[in-house]
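To start, the structure under review is shown below, and the notes come after it.
The values are calculated or read from the model by the stated rules, or taken from the named source; none is laboratory data. From a predicted model like this one, the values you see are computed outputs, not experimental measurements. We place every Cβ from the backbone using ideal geometry, glycine too, and count neighbours over all the protein chains shown. These accessible areas exclude ligands, DNA and RNA; they are computed on the full protein's heavy atoms, side chains included. Shrake-Rupley method; radii C 1.70, N 1.55, O 1.52, S 1.80 Å.
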Amino acid sequence: MVRPKKNLGQHFLTDPSIAGRIVDSLPFQSGDTVLEIGPGTGVLTGLLLQKDIKLLPVEIDHESVVHLKQQWPELNDRILEMDFLKMQMDEYLEGSFFIIGNFPYKISSQIFFRILELRQRVPRVVCMVQQEVARRIVSPPGSRTYGILSVLLQAYYQVEMLFSVKAGSFFPPPKVTSAVIRLSRNQVRSLPCDEKLFFSVVKTTFNQRRKMIRNSIKSILLNLDDNFDLLSKRPEQLGVSEFIELTNWVESQQREES
């Protein structure tokens, strides 16, 4: 029995029907590589091993790793005992790969930012997160929950809320409802703007989301053209295309300042 560890934010999924729905939500072809983040007691792992895929579980908890190796000896050489956030992907993976997992709630946002860094190699993600985080990710512009992750993930992925999962499906039960979402890479290979600046503009404006963009973006630009209409809006009013427009405008202003 693997003991859930509070410092790792572990809540082990125990409902096999939910596990089946999660695995079935990740379309893949024979021979595809699937990275499972945080397998824990292996409720998803056992189902994934029945598929014709190359499965690589990534688990930071040594006790879980020991359990997984005992339960499925064929995984011995494939379990990566490490922190997904610090993985050097090229050492373990070639080409593209899918991601699946019950993400630890306390680091789910960090995992999504890492997925964004890997976006050219990760065509699809199916994961369980806190329902509040899931709603934020799928929120449209104008929503109260629309934020940094909403914009950045929607720029590169089609995002879908699949289903909710009650606390009773876990041990120990979390104090929140969970939800399963799917990210499917869209056709955008690169945005029509400076992508590094795009990330910076999105983060800077949402860090002061109650302010008009004219005020929040002062840390990036010294001189502001008051005639640019997007400056009078708040960040939650802008969709991806408008953030691209704003980024291109910021870049042109930076060139004039330099």
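Please list, or write none, the aspartates and glutamates whose alpha carbon is within less than 14 Å of the alpha carbon of Lys218, excluding same-chain residues fewer than 8 places away. Once the sequence-local aspartates and glutamates are set aside, what remains near Lys218 is Asp226, Glu251, Glu257.
Plugging the Kirkwood radius over Cα pairs into Stokes-Einstein for segment 89-134, at a temperature of 4 °C and a viscosity of 1.567 mPa s, what D comes out in µm²/s?
114 µm²/s
Set the Förster distance to 25 Å, then compute FRET efficiency between Leu49 and Lys6 from the Cβ-Cβ distance, nearest 0.05. Taking R0 as 25 Å, the efficiency between Leu49 and Lys6 is 0.30.
How much accessible area per residue does the chain have, in Å², with a 1.4 Å probe? Display every interim value, and only then the final one.
On the way: 12600 Å² over 258 residues.
Counting only protein heavy atoms, the per-residue value for the chain is 49 Å².
Report the extension gain between Met161 and Ser143 in nm, rounded to one decimal, defined as 0.36 nm multiplied by the number of residues separating them, less their alpha carbon distance. Before the final figure, lay out the partial values.
On the way: separation 18, 0.36 × 18 = 6.48 nm, distance 1.55 nm.
Extra length available between Met161 and Ser143 comes to 4.9 nm.
Based on the Kirkwood approach, the hydrodynamic radius assigned to segment 58-178 is 16.1 Å, with every pair of different Cα atoms included.
Given axes a ≥ b ≥ c from the Cα gyration tensor, I'd like to know whether segment 137-258 is rounded (a/c under 1.5), prolate (a/b larger than b/c) or oblate.
Working: a/c = 2.96, a/b = 2.02, b/c = 1.46.
In terms of gyration-tensor shape, prolate.
If R0 equals 22 Å, the separation of the Cβ atoms of Lys203 and Glu117 corresponds to a calculated FRET efficiency of about 0.95.
Using a simple spin-label model with pseudo-atoms 7 Å out from Cα toward Cβ, Met89 and Met212 lie 4.0 nm apart.
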